[in-house]
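Below you'll find the structure, written out as structure tokens, and then a few comments.
The values are calculated or read from the model by the stated rules, or taken from the named source; none is laboratory data. Predicted, not measured: the structure shown is a model, and the values here were computed from it. With ideal geometry, Cβ positions are generated from the backbone for all residues, glycine too; neighbour counts draw on all protein chains shown.
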Amino acid sequence: MRTGATIVVTANPGCAMQVTAGLREAGYRATVKHLVELLDEAYLKP
């Protein structure tokens, strides 16, 4: 949270669930994405 990150990326779905829950509990608004989601978005951008 100290980094100010707006996106947290992980390749493990279980970790994504845990990180999402932890961020929500802490009141930190960041998006948690699977690595493939991030790559998909990158490839779609012109």
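Structure notes:
- Taking every residue in the stretch 12-28 that is of a type in the set (Ser, Thr, Tyr) and pairing it with any residue that is surrounded by 10 or more Cβ atoms within 10 Å (Cβ to Cβ) and at pLDDT below 95, at least 6 positions away or on another chain, the pairs with Cβ-Cβ distances below 9 Å are TYR28/MET1.
- GLY14, sole failed condition from (1) assigned to a helix (DSSP H, G or I); (2) surrounded by 14 or more Cβ atoms within 10 Å (Cβ to Cβ): (2)
- Scanning the stretch 21-37 for residues that are of a type outside the set (Lys, Arg), out of contact with any helix residue (DSSP H, G or I) (no Cβ under 8 Å at 6 or more places or on another chain) and surrounded by 11 or more Cβ atoms within 10 Å (Cβ to Cβ) turns up ALA21, GLY22, LEU23, TYR28, THR31, LEU35, GLU37.
- In the stretch 29-40, the residues that are over 20 Å from MET1 (Cβ atoms) reach residues that are part of a strand (DSSP E or B) and not aromatic (Phe, Trp, Tyr) with C-beta atoms within less than 8 angstrom, at least six apart or across chains, in these pairs: HIS34/VAL9; HIS34/THR10; LEU35/VAL9; LEU35/THR10.
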